[in-house]
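Only the coordinates and a few stated rules stand behind these numbers; no lab work does. Note that the structure is a prediction, hence the values are computed from the model and not measured. Cβ placement follows ideal geometry from the backbone for every residue including glycine, while neighbour counts extend to all protein chains displayed.
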Amino acid sequence: MSEASTPTDLDLVRAIKAGDERAFEEMVERYHARVYSLSYGVLRNAEDAEESTQDTFLTLYRKIGTFDESKKFFSWFYRVALNQAYSRARRRPARTVAIEDYLPRFDESGHVASLEAGDFSQRIEDEAAAKELALRAEEFIAELAPAYRDVIWMNDVEEIPSAEIAETLEISIPAFKSRLHRARLYVRQRLSEITRPSARREAAG
Amino acid sequence: MSHGGEGPCDAPNSLEELTCERLILDKLLEFEEGTMPEPERARFRHHLELCPPCVHFLDSYRATGKTLRMLKPKEIPPALARTVLSFVRSRREKKGE
């Protein structure tokens, strides 16, 4: 491992393969925050996310010999992290929504059928209201099937570049965009439902 | 983007036209990302001029984006890096790896 400049991921991978303990520590430093937040996106609670993060780095330690150095490390490693989180998530009952039920509806000629109530674009001008809606949005994302949930979480919350997300999830850029858009349409629909004047009256009463 | 009009969509509806459905389901992301070529952007904007429901929809789509951007990656527990290192070390010793 070169002392002079920051080692690349590949430098670290090779050093770890050669048994360099410090290189492994550096890899933990470099990636643990991202791995934790990715795991949280899947598991939705701190304890599970922490354990999944530990398992991810243990897997990294054990499987690093199988990493193909011609590939990008981050996409291999994010996949390791997601797979760890998925297998932990499978141990508990999941409740996911059918995204199709929440996509906008059109009449047979392709027009928006009617003006739906619930314009929250004014409401988010108020910071406290916006924060409250953001927390609800996070709950709505958690209910999505993994194919949509992971895309919107990685893109809109983690702000991972789209090419990296597509590569990690092994999907094409058009498939990535389509999933992202549908996931946002879903969140938009849910947010507009809870901000309908009648929904707000119900919540208040 | 918001305006006072609350009527229905007045955009003409022929096969070559951009319907609300195509606009919202297929084209909106490209429009918002700024990757849509200009002639198509002009058609998109033209539809919006004639269609209060789509303007309303676009407002709430943008508000959704703003709301999502308020969410931040989860902050990690401060000791996690240390915990990870000692966990991996202990497991390695146990398994003799």
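List of remarks:
- Calculated from the alpha-carbon coordinates, chain A shows an Rg and a Dmax of 20.7, 66 Å respectively.
- In the frame of its principal axes, the stretch A:9-89 has Cα extents of 35, 23, 17 Å, reported largest first.
- In order through the stretch A:42-50: 3J(HN,Hα) via Karplus (6.51 cos²θ - 1.76 cosθ + 1.60), integer Hz, x for Gly, Pro: 7, 9, 6, 8, 5, 5, 4, 5, 5
- For the stretch B:20-95, the Kirkwood hydrodynamic radius from C-alpha pairs, put into Stokes-Einstein at 37 °C and a viscosity of 0.692 mPa s, yields a diffusion coefficient of 201 µm² per second.
- Relative to the 2.2 N^0.38 Å rule of thumb, the stretch A:139-197 has a C-alpha radius of gyration ratio of 1.16.
- Projecting the Cα atoms of B:Val55, A:Ser37, B:Thr83 onto the dipole axis of the protein assembly as shown, where Lys and Arg carry +1 and Asp and Glu carry -1 at the beta carbon, places B:Thr83 farthest toward the positive end.
- By the count of neighbouring beta-carbon atoms within 10 Å, fewest first, B:Lys72, A:Lys131, A:Lys177 end up ordered B:Lys72, A:Lys131, A:Lys177.
- Think of it this way: in the protein assembly as shown, B:Cys20 stand alone, with no other Cys Cβ under 4.7 Å.
- Whole-number percent relative contact order across the stretch A:9-89, with pairs defined as alpha carbons under 8 Å at least 6 apart: 35 percent
- Only helices enter the 222 nm calculation for the protein assembly as shown: every DSSP H run of n ≥ 4 contributes -39,500 (n - 2.57), and dividing by all residues gives -19500 deg cm²/dmol, rounded to 500.
- Here the Karplus curve 6.51 cos²θ - 1.76 cosθ + 1.60, taken at θ = phi - 60°, turns the phi angles of the stretch A:62-68 into couplings of 7, 9, 4, x, 8, 6, 7 Hz, with x standing for Gly and Pro.
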